[in-house]
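We did not get these values from a lab; they are worked out from the coordinates using the rules stated. Since the model is a prediction, treat every value here as computed from it, not as a measurement. Glycine also receives a Cβ, built like all others from the backbone with ideal geometry; neighbour counts cover every protein chain displayed.
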Amino acid sequence: MRVSVPDYIFKFREWADGPENQMKRSLLFPGLRFDNKIEIYDWGYFSLATLTTLLTRETFIINAFYNTQTEDIIINSIYALV
């Protein structure tokens, strides 16, 4: 499916790949929906693959589809604090 990707997505990639983010992990907000963990954007992106994993090699923490149950418990506990 072809979508028109907004400029802020590419600006995010530039920031994520910048030198200040090397060797760091960032927690992404908001978390994905707990029932299906599908990443959905108003501009048409819809996937189990989080957009950050497709844009950059830097690591991010999110309650993604591929997390283990233990990882989900920890990450969802962090989301609950905010």
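What is segment 7-81 by shape, rounded, prolate or oblate, if you read a ≥ b ≥ c off the alpha carbon gyration tensor as root eigenvalues and call it rounded for a/c under 1.5, prolate for a/b larger than b/c, and oblate otherwise?
Note, shape of segment 7-81 comes out oblate.
Could you please rank Arg2, Arg57, Arg13, Arg33, placing first whichever residue has the fewest other Cβ atoms within 10 Å of its Cβ?
Taking fewest neighbouring Cβ atoms as first place, the list is Arg2, Arg57, Arg33, Arg13.
Can you work out the Karplus-derived ³J(HN,Hα) for every residue in segment 30-36? Use 6.51 cos²θ - 1.76 cosθ + 1.60 with θ = phi - 60°, whole Hz, and x for glycine or proline.
Taking θ as phi minus 60°, the curve returns x, x, 6, 4, 5, 7, 9 Hz for segment 30-36.
Would you be so kind as to identify which of Thr53, Asn67, Ala80 lies farthest towards the positive end of the dipole of segment 7-81, taking Lys and Arg as +1 and Asp and Glu as -1 on Cβ and the Cα centre as origin?
Of the listed residues, the answer is Asn67.
Dipole magnitude of segment 23-74 about its Cα centre, charges +1 at Lys/Arg Cβ and -1 at Asp/Glu Cβ only, in debye to the nearest 20? Show your work: numbers first, answer last.
Values: 5 positive and 6 negative charges, 38 e Å.
Using Cβ point charges on Lys, Arg, Asp and Glu, segment 23-74 gives about 180 debye.
In nm, to one decimal, how far is the Ile73 label point from the Phe34 one, both placed 7 Å along Cα→Cβ?
1.5
Could you calculate the contour length gain from Val82 to Leu54, that is, 0.36 nm times the residue separation minus the distance between their Cα atoms, to one decimal place in nm?
That pair, Val82 and Leu54, stretches by 7.4 nm at full extension.
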